[in-house]
Every structure is written in C-alpha cells, then in structure tokens.
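J.: The following block contains the structure, expressed as structure tokens.
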Amino acid sequence: MRKILLTTILFFAFLAGNSTASAQFPVVTPKLYGASPFQDSLWTLDSTNFSVIERFGPSLAGFTITGMNGMAFDPTTYQTYIIMKVSGVSGRVLGTIDLSTGVCTQIGNLGDNFSSITFDETGQLWGATGDGATASESLFTIDKATGVATLVFAMGNGADGEVILYNRADDHMYHWSGNGTVVFEKWPISNLTYTPTNIPISGAAGGETFGTMYVSPNYLLVSNISSAFNRLSPTGTYSGNFGSNPDDLRGLVMPPQFAISDTSVCEGVDTVYIGAGGLQLFDSIVYNWGDGFVDIQDVATAGGSHNYAVAGDYIVYIEVDNGTVHDTIRSFNVHVDSTPVVVLSGPTHICSGDDVTLTGAANVSNQWYMDGALLPLETSNTIVTNTAGAYNMIETNSFGCSDSATVGIVLTDVLNPTVFIGNDTTVCDQIILDAGNASATYTWSTAGTAQMETITASGTIDVTVTDTNGCSTSDTIQVIVNANPAFSLGTDDSDCEEVVLGPTPAVVGTYLWSDSSNGSTLTVNATGTYYLDVVDSNGCSYVDSVNVTIFGNPSVTLSTAPGVICNYDPDVALVGSPAGGTFSGPSVTGNMFDPSIGNGNHDVFYEFTDTNGCTGFDTLTLVVDGCLGVAENTTATLLVYPNPSTGEFTLDIPVNGAVVQVTDVFGKTLYTNRFEQNGVSTIHLDENADGTYFVTLTTPEGERSVARLVLTGK
C-alpha cells in the first residue's frame, strides 16, 4: 500500500466548485471512493488532497470478494453500484454497496466478465466487457434491478482496459481502451451501432485507464495503471499524472454529501447552515426546511441556510435534481428552542442632574450593554443610569437561548427647560404670568395647566414646566394684587340740553375726564362718549365710559299774516311752526288774536314739545293801530306817495324836527331818521321783501301820524 502524496493546487481548484465551505457553512470535503480490481479494498480519499481517509474490505453475505472491477453512482436512486469478483463464482456479480461500511448487496450475476459500468441521467445502467470476456469488448445495457445485461453493440478494439463513462454535458458515451496506446472515443448515447468519434489525445495519458468520473462539462477525472490521477478534457487533453494512489483504482464515485452546522438551535437567533458537495451530476438542490419555507439553489451555490421563527422539531429534506429525476437524497432532524423576546422600556432622554431607569423582563440571566460594551455587574433586569449612550440587554433563558432587543434604547442628554415667570411684584387688578416653553406641560399652584396664567389674588405663585423630553423646571413669584377703583358712570343717558355725569359711588382718587378736566362731575351738552379715569393711592386706575345723547330743543317760529292790525279788525290767525304747539298771551284764544284789546304792542307766545320731550319757544309782538289814515291829526299830517311802490317812497314832512320810523308787521325797525326841516324827502326800501310796512311820524310835541306802506312788484 502506497502513501498518498499531496495533490497539486490546480486539482484542488478543479474540485472546489462542487463543495460549499465558508465561515458560516460547515466545511464539506466530498469523499472520493475508488475500488481495487485486485483485492478486497474500498478506498475513501479526501478530494482536496487525495490523502487516504479510510479503507474497507467490502463484504457480501455468504461470499468472499476478491476484487472490484467498477463502480457507478445512480443519479436517480442515489445508490452506488459495484461489479464484484466473487470467489467460486464465474462471471461478475452486480450489487450495491454502502460506501460508509463497505457492505454489499447482491443484485445478480452479469454472466460475463464486465470491466466498467456507468449511469446516464435517466438512471439507465450501462456496462462494458473486457477483452477476456466471452462477448469481449462490448457495450451492454443492464437491468439494475436484476443484473440482466442486454448487448447493444460490440466495440472491438481488442486491447486491455475497456472503460466507459457517460458525459451528461453532451449526452455522449466516452470509451477508453488499450494500455501502451490508449484509444479515446465517444458516441451519442442514443446510438444503436458502433460509430464512434475518435478523440485525439494530447499530453501524457499515463497508461491504461482504470477508472473515470464526470466532474464538470470541461473536466473528467481519470485514474490509471500508474496508480495516479489525471485531469482530462472531453477534447482529449491530459493534464499529466498527479497524486499517488494506494491502488490502481477501478471505478470512481463521489456521491453528494451534506453537513449541517447545528441540529439544536434557538428560534430567530441561530441560523442553520447546510454545506454541500459532490453535486457534479446535478443541476439544482432544494432545501425544504420543514416550516413551509423552501430554498432552491443551483449547484454552484450549493449550500443552504435558514432561520427558524417558531420553536419546535423540524425535518429538513434535501432534494437534488439532475434534469430528469427530482427526489429527496438526505434529511436532517432539527430541534428549535424558544428564544426570549427582549423588550426594553424607559425614557430616551436624561434630564440634567437626573437618573433614569431602564427595564427589561427578568430571565435566567440578564446582561446590560452600553454602546456595545458589556457593563460589569449590571445583570438584573433593570439599570439605573445618568450616562448617555445606546443601551441594550441580552437575556438568556433556560434553554440557553439568548437574544437582545431588536431596538435598544438610546439615551440622550438634554437640558431642562428654562423657566422665569418674573420677579416679585405688586400689580393692580391682575397679572398674566408666562411660563414660556411652548408645547410643554404646565402645572400651576392655582390649578392652571396653560402656558399663561391670569393671577387675580395676592399670594405665592409657582409653576412646574415639563417639556416634551419629560424634563421639568419650576419657578416661584410673590404677587400682591391691589383692586382697581370701582365705580360706574351709569347707563347711557340722554337729554334735551345737558347731562351732568359723576361716578357712583364716589371714589377717592385723581379724576381725569375725557375733556381733560379733573372735577368730580362733568356737564356735557353735546352728543358723544365720555369717560372718567380714576387713579387711587395705589396707582391703580379704573376707567368707565358712558354714551350721552343731547337731542336739543326744537326750533320754533311764531308769525301772522303781514299787514297793519287795526283795533277794529277781526281776530288775527297766529301761525306756529312746527305745528301742534300751544299759543298763549293777552287776547289769545287757541291760535287766534283779538285786536279789540286795544292799540299798542302786545306780546303773544308759541310753545312746541317734540317726541323727545324737548320744548321750543317763540314770541311775537303784535302792534294794534287805530288806523285813522295818513293824517292821524290835523296839525302834523304825513303824506307818502306813490303807495304802493316798488321800493322808493316820497315823504312830505309837514313840521320841523319830526322823527320818521319805518317798521315791519313784526314791529322790527327798518328805518329811522330825524328831519330838522319840513319838506319833501325820499326813502328806499328796495332791499326789503314785498309786503306791508308802517311809517310813523312823531312831532317834537309828541303827536304821531301813522301811514301804511305797501311794497310790491319787485
């Protein structure tokens, strides 16, 4: 038995694509198996360095195995088949072999000396006979259930070492024959006649081919009579011998192999990893994790991983697919323990000078961390701290499963709110205090809860302000509240002429009325709004106002028809405006004046009261004349002409020193003059209205003469 030499780095890379290994996935080094044709040896090799892992002496119940001429792995049933030379039995015996123990199970006698077997991807078993067989160097299909072989065609190369291998990449059968000169050829798997395509060989074949194995579309693994390996491309290029095998190995197989990282895990925390290798005969691999989740990987990725969300017992089924058959090849039992659910509670801010308490659920063990660093001695479910940072806790339950909170608590240092509601103060009536810090929460000693509080009574006032971070600050103020003077100017008032305003009750203080006067009362005679501001000895003031309406007395006139009133005339009608008033005076009845009262001036009156109760008065002096004509006496007769006139009158004055006076019907003097000499004179009344006027001449002796003038046609 020879020692195995380390293989080249090149071949390690050649097989690396068929296995999965990483820091998380378990390392799967596919085991390569080879059978000895000359002794009862099954060799297990490390495919990364081709060192011997172990050797079995294969056993077949009731028989002695003296050699094994070939092995092949069925990609549809996942069994390994073997051709055995059995002591005392002619021909070769077909069986299956358990590669982990070397125990073989007989299927049937192949009836001839077969030197090689291979499976296509449909699971059909093919066999080739050697040059020493009855039907030498021929290709057969073999019933893998019975071992019955059926001739397909004779290959007839007539040399040693008939070996066949199905290449799934191009669906061809490859054939090696010969020792000194090696024949390498292929034909489509569907061929029923021997019409091979020769493949020219380049590089050193190393002698007769003993065993072959499909690795990838570009490479085949070959073991030869030199007890060495060779890497061969399907186009005929040999890499040259490498490695040193313990035997001349006939039949090479490397079945799929799997390893699981852990079969007892914690839910939601631990990830189950399955590494895979030896998948060269398959296209994809399916991981059915047993909890409803399925992962499908191509063979390049190979490995699978899964995290269980719910505790329980699961069976992981691994299925492989070679493009024809898809079935389960391996399973693992996985037990999943429950993981503690860590929920932290507590504030997220640290107020100046305060401690905060963070809390999590108590468990078998608890450990707090800050900013990722373990906090020594902090192993209870609570922690009291005044240091800002990111806090989390790891809880471990009775199953040994640990977890931390999905989201920890980040504590941030924050400043307490600044609160100043003012210095101690004395105010009048009330004061509004402002605690500031909009959007905060407020607690006043007066039971108020708003940012601003109105204070109307003396006392000590305090407020506590809590901001949105939960940080609080308080402030206090002493307030003395003096009452404002209390009085009223009464309800709105009205009068015809004037209103006297004054406060009720009377208050002591400095008065200031709206007209800037300072008296205790104010007399107003115009409509408007009037106010009084009283400032007491505390400097407190109060202002009241009142609306006053002054209606004013109505404007009243009294009149009568123009003309001279003679003492013998009938009653004269008096006219008052506005109508509806009351007439009064001597010789007045209703609205009529009786001239028979006698000659002279008589005052009559008219009084009218409006809807506001306001009264107006007017007086009229009526002149009653005896109406004796133009010459009232014979000694001093006044002549006036023309009469009527448009405004110019001629007077003939009979005596010296006479006084001439012109009045209207109301007794109003319009003209007066003293004439020293008698004679003719002219007066002008052009500027007066049409109507009746009276001219009175008075002599120095007191005699009078009255004439009536009529002004018209202006």
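Computed from the coordinates by the stated procedures, all read-outs in this text should not be read as laboratory data. Since this is a predicted model, take the numbers as computed values, not measurements. Positions of Cβ are generated from backbone atoms using ideal geometry, with glycine treated the same way; all protein chains shown enter the neighbour counts.
J.: Once R0 is set to 45 Å, what does the formula 1/(1 + (r/R0)^6) return for the Cβ-Cβ distance between ASN218 and THR406, expressed as a FRET efficiency to the nearest 0.05? Kindly include the intermediate steps, with their values, before the conclusion.
T.: Working: r = 48 Å, r/R0 = 1.06.
After rounding to 0.05, the efficiency reads 0.40.
J.: Check GLY67: other-chain or 5+ apart residues with amide H under 5 Å from its amide H, H built from backbone geometry?
T.: Answer set, sorted by chain and number: LYS85.
J.: Tell me, GLU121, GLU687 in order of fewest to most beta-carbon neighbours within 10 Å? Kindly include the intermediate steps, with their values, before the conclusion.
T.: Details: GLU121 18, GLU687 8.
Ranking GLU121, GLU687 by Cβ neighbours within 10 Å, fewest first, gives GLU687, GLU121.
J.: Now a separate question. Once the piece of chain linking ASN49 and ASN482 is laid out straight, how much longer is it, given 0.36 nm per residue of separation minus the C-alpha distance between them? Please list the in-between numbers first.
T.: On the way: separation 433, 0.36 × 433 = 155.88 nm, distance 10.37 nm.
So the extension gain works out to 145.5 nm.
J.: Still on this model: Can you give the Rg and Dmax of the stretch 557-621 based on its C-alpha atoms, in angstrom?
T.: Cα only, the stretch 557-621: 12.3, 42 Å (Rg, Dmax).
J.: Send over the semi-axes of the stretch 95-236's equivalent ellipsoid, whole angstrom and largest first, taken as the square roots of 5 times the C-alpha gyration tensor eigenvalues. Don't jump to the answer; show the numbers that get you there.
T.: Working: eigenvalues 102, 63, 51 Å².
That gives 23, 18, 16 Å for the three semi-axes.
J.: Going by C-beta contacts inside 10 Å, put LEU252, LEU374 in order with the fewest on the left. Display every interim value, and only then the final one.
T.: Numbers: LEU252 26, LEU374 11.
Sorted ascending by nearby Cβ count, the order is LEU374, LEU252.
J.: Okay, next question. Please compute the alpha carbon radius of gyration of the stretch 361-444, then divide it by the globular-protein estimate 2.2 N^0.38 Å. Two decimals is fine.
T.: Details: Rg = 22.4 Å, N = 84, 2.2 N^0.38 = 11.8 Å.
Ratio of Rg to 2.2 N^0.38 Å for the stretch 361-444: 1.89.
J.: Also, I was wondering about something else. So what's the stretch 429-533 giving for Cα Rg divided by 2.2 N^0.38 Å, two decimals?
T.: Numbers: Rg = 22.1 Å, N = 105, 2.2 N^0.38 = 12.9 Å.
Ratio of Rg to 2.2 N^0.38 Å for the stretch 429-533: 1.71.
J.: While we're looking at this one, here's another question. Cut-off under 18 Å on the C-alpha distance; same-chain residues fewer than 8 positions from LYS668 excluded. Which aspartates and glutamates are left, in chain and number order?
T.: ASP603, ASP618, ASP625, ASP686, GLU687, ASP690
J.: When the chain is fully extended, how far beyond the present Cα-Cα distance does THR122 get from SER439, taking 0.36 nm per residue of separation? Write down the numbers at each step before the final one.
T.: Numbers: separation 317, 0.36 × 317 = 114.12 nm, distance 7.69 nm.
In short, 106.4 nm is gained.
J.: Across the stretch 658-671, in residue order, what do the Karplus-derived ³J(HN,Hα) couplings come to in whole Hz, using 6.51 cos²θ - 1.76 cosθ + 1.60 with θ = phi - 60° and x for Gly and Pro?
T.: Values per residue, Gly and Pro as x: 6, 10, 10, 10, 10, 10, 8, 5, 8, x, 6, 6, 10, 7 Hz.
J.: Could you give the C-alpha radius of gyration of the chain expressed as a fraction of 2.2 N^0.38 Å, taking N as the number of residues it contains?
T.: On the way: Rg = 69.8 Å, N = 714, 2.2 N^0.38 = 26.7 Å.
That works out to 2.61 for the chain.
J.: Could you compute the FRET efficiency for SER190 and ASN333, with r as their C-beta to C-beta distance and R0 at 45 Å, rounded to 0.05?
T.: Working: r = 43 Å, r/R0 = 0.96.
Once the sixth-power term is evaluated, E becomes 0.55.
J.: With labels modelled as points extended 7 Å from the Cα through the Cβ direction, what inter-label distance (nm, one decimal) is found for ASN553 paired with TYR531?
T.: A separation of 3.4 nm, rounded to one decimal place.
J.: Using Cβ counts within 10 Å as a stand-in for footprinting exposure, how do MET452, MET84, MET155 rank, fewest first? Write out the running numbers ahead of the final one.
T.: Working: MET452 13, MET84 26, MET155 21.
Neighbour counts put them in this order, fewest first: MET452, MET155, MET84.
J.: Kirkwood Rh and Cα-based Rg: tell me the resulting Rg over Rh for the stretch 257-337, rounded to two decimals. Present the calculation step by step, with values, prior to reporting the outcome.
T.: Working: Rg = 12.4 Å, Rh = 12.7 Å.
With Rh from the inverse mean 1/r over Cα pairs, Rg/Rh is 0.97.
J.: Taking H as built 1.01 Å from N, whose amide H comes closer than 5 Å to the amide H of ALA228, not counting residues under 5 places away?
T.: Sorted by chain and number, the residues that satisfy this are ASN245.
J.: Once you have the Kirkwood Rh of the stretch 640-711 from its Cα pairs, apply Stokes-Einstein at 4 °C and 1.567 mPa s and quote D in µm²/s.
T.: Numbers: Rh = 12.3 Å.
Answer, rounded: 106 µm²/s.
J.: Sticking with this structure for a sec: To the nearest 0.05, how large is the calculated FRET efficiency for THR491 and ASP462 if R₀ is 30 Å and r is the Cβ-Cβ distance? Each step should come with its number before you reach the end.
T.: Numbers: r = 43 Å, r/R0 = 1.43.
Efficiency, rounded to the nearest 0.05: 0.10.
J.: Can you tell me the Rg and Dmax of the stretch 491-632, counting just the alpha carbons, in angstroms?
T.: Calculated on Cα positions, Rg and Dmax stand at 25.3, 87 Å.
J.: In debye, nearest 20: dipole of the chain around its Cα centre with unit charges on the Cβ of K, R (+) and D, E (-)? Let's see the in-between values first.
T.: Values: 17 positive and 72 negative charges, 943 e Å.
The calculated dipole for the chain is roughly 4540 debye.
J.: Give, as ranges by residue number, the residues of the stretch 641-681 whose backbone N falls under 17 Å from the point 7 Å along Cα→Cβ of SER577.
T.: Residues 665-666 qualify, since their backbone N sits under 17 Å from the label point.
J.: As an exercise, take the mean of 1/r over every pair of distinct alpha carbons in the stretch 493-550, invert it, and state the Kirkwood radius in angstroms. Numbers along the way, then the final one.
T.: Values: mean 1/r = 0.0850 Å⁻¹.
Kirkwood radius, the stretch 493-550: 11.8 Å.
J.: What ³J(HN,Hα) values, in whole Hz, does the Karplus curve 6.51 cos²θ - 1.76 cosθ + 1.60 give for the stretch 114-130 when θ = phi - 60°, with x put for Gly and Pro?
T.: Once θ is set to phi - 60°, the couplings for the stretch 114-130 become 7, 10, 7, 9, 7, 10, 8, 6, 8, x, 7, 8, 10, x, 10, 8, x Hz.
J.: Return one quarter of the surface area of the convex hull spanned by the alpha-carbon atoms of the stretch 222-373, equal to its mean projected area, in nm². Walk me through the intermediate numbers first.
T.: Values: hull surface 66.7 nm².
Averaging across all directions leaves 16.7 nm² for the Cα convex hull.
J.: With Rg and the Kirkwood Rh both taken from Cα atoms, where does Rg over Rh land for the stretch 644-684? Don't skip to the end; give the middle numbers.
T.: Working: Rg = 11.0 Å, Rh = 11.1 Å.
For the stretch 644-684, the value is 0.99.
J.: Continuing with this model, one more query. Please report the base-10 log of the normalised intensity I(q)/I(0) for the stretch 356-408, using a Debye sum with one equal scatterer per alpha carbon and no solvent, at each q in 0.13, 0.14, 0.28, 0.30 (1/Å).
T.: Cα-only, vacuum Debye calculation for the stretch 356-408: -0.27, -0.31, -1.22, -1.36.
J.: State, as an integer percentage, the relative contact order of the chain based on alpha-carbon contacts under 8 Å between residues 6 or more apart.
T.: Working: 1927 pairs, mean separation 43.7, N = 714.
After rounding, I find 6 percent.
J.: Evaluate the charge dipole of the stretch 31-253 about its Cα centre and quote only its size in Debye, nearest 20, assuming +1 on the Cβ of each Lys and Arg and -1 on the Cβ of each Asp and Glu. Mind showing how you got there, number by number?
T.: On the way: 9 positive and 19 negative charges, 37 e Å.
Dipole magnitude for the stretch 31-253 comes out near 180 debye.
J.: Further question on the same structure: Would you kindly calculate the mean projected area, averaged across all directions, of the convex hull enclosing the Cα atoms of the stretch 293-423, in square nanometres?
T.: Values: hull surface 52.9 nm².
Across all orientations, the stretch 293-423 yields a mean hull projection of 13.2 nm².
J.: Only Lys, Arg, Asp and Glu count, each charged at its Cβ (+1, +1, -1, -1), so figure out the dipole size of the stretch 257-337 about its Cα centre, rounded to 20 debye.
T.: Working: 1 positive and 12 negative charges, 36 e Å.
In total the dipole reaches around 180 debye.
J.: Another one. Put one equal scatterer on each alpha carbon of the stretch 420-471, apply the Debye formula with no solvent term, and list log10 I(q)/I(0) at q = 0.20, 0.24 1/Å to two decimals.
T.: -0.67, -0.92
J.: Specify which residue in the list TYR606, SER239, THR441 is farthest towards the positive end of the charge dipole of the chain, using unit charges on the beta carbon of Lys, Arg (+1) and Asp, Glu (-1), about the Cα centre.
T.: Highest projection toward the positive end goes to SER239.
J.: How long, wide and thick is the stretch 59-141, going by the Cα atoms along their three principal axes, in whole angstroms, largest first?
T.: Extents along the principal axes, in whole Å: 33, 32, 15.
J.: Local charge sum around ALA169 (other residues, Cβ-Cβ under 13 Å, Lys/Arg +1, Asp/Glu -1)? Could you put the intermediate results ahead of the total?
T.: Working: positive: ARG168, LYS186; negative: ASP120, GLU121, ASP170, ASP171, ASP283.
Value of the local net charge: -3.
J.: In addition: Residue-wise, which Karplus ³J(HN,Hα) couplings in Hz belong to the stretch 533-546, taking 6.51 cos²θ - 1.76 cosθ + 1.60, θ = phi - 60°, and x for glycine or proline?
T.: 10, 10, 10, 8, 5, 8, x, 8, 10, 9, 10, 10, 9, 8
J.: For LYS31, go through the aspartates and glutamates and keep the ones whose alpha-carbon is under 18 Å away, minus same-chain ones fewer than eight residues off.
T.: By straight Cα distance, LYS31 reaches ASP46, GLU54, ASP74, ASP98, ASP247, ASP248.
J.: Then there's this: Restricting to Cα pairs below 8 Å that are 6+ residues apart, what does the relative contact order work out to for the stretch 25-122? Please round to a whole percent. Let's see the in-between values first.
T.: Numbers: 224 pairs, mean separation 21.2, N = 98.
Result for the stretch 25-122 is 22 percent.
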